[in-house]
């Protein structure tokens, strides 16, 4: 497992943590902070899928050479 795949899974862990923090914030009554946490979780999920796709392209490129 290469560096790019490890970084992708770190984004997935960050997204899970941000969803947890968002739910905690909403339960505590801080709705603006909770919404920001959910938006950041969406960005982290996007980065997870983007990094995996980029890692696959990089592996295919190395395989062709």
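Below are the figures for this structure:
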quantity	calculated
Inter-residue pairs, beta-carbon under 6 Å, first more than 19 Å from residue 12 (Cβ to Cβ) and in segment 27-55, second assigned to a helix (DSSP H, G or I), 6+ apart	33/25; 34/22; 34/25; 34/26
Which numbered condition residue 28 misses (of (1) modelled with pLDDT under 95; (2) touching a helix residue (DSSP H, G or I) at 6+ places or on another chain (Cβ under 6 Å))	(2)
Subset tally (residues that are closer than 12 Å to residue 51 by Cα and part of a helix (DSSP H, G or I)) for segment 1-24	10
Of all residues in segment 37-50 being out of contact with any helix residue (DSSP H, G or I) (no Cβ under 7 Å at 6 or more places or on another chain) and modelled with pLDDT of 95 or more, the one that is nearest to residue 2 (Cα to Cα)	46
Out of 61, 53, sole residue that is at pLDDT below 85 and surrounded by fewer than 17 Cβ atoms within 10 Å (Cβ to Cβ)	61
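The values are calculated or read from the model by the stated rules, or taken from the named source; none is laboratory data. Owing to the predicted nature of the structure, the values given are computational and were not obtained by experimental measurement. Note that each Cβ is placed from the backbone with ideal geometry, even for glycine, and that neighbours are counted across all protein chains shown.
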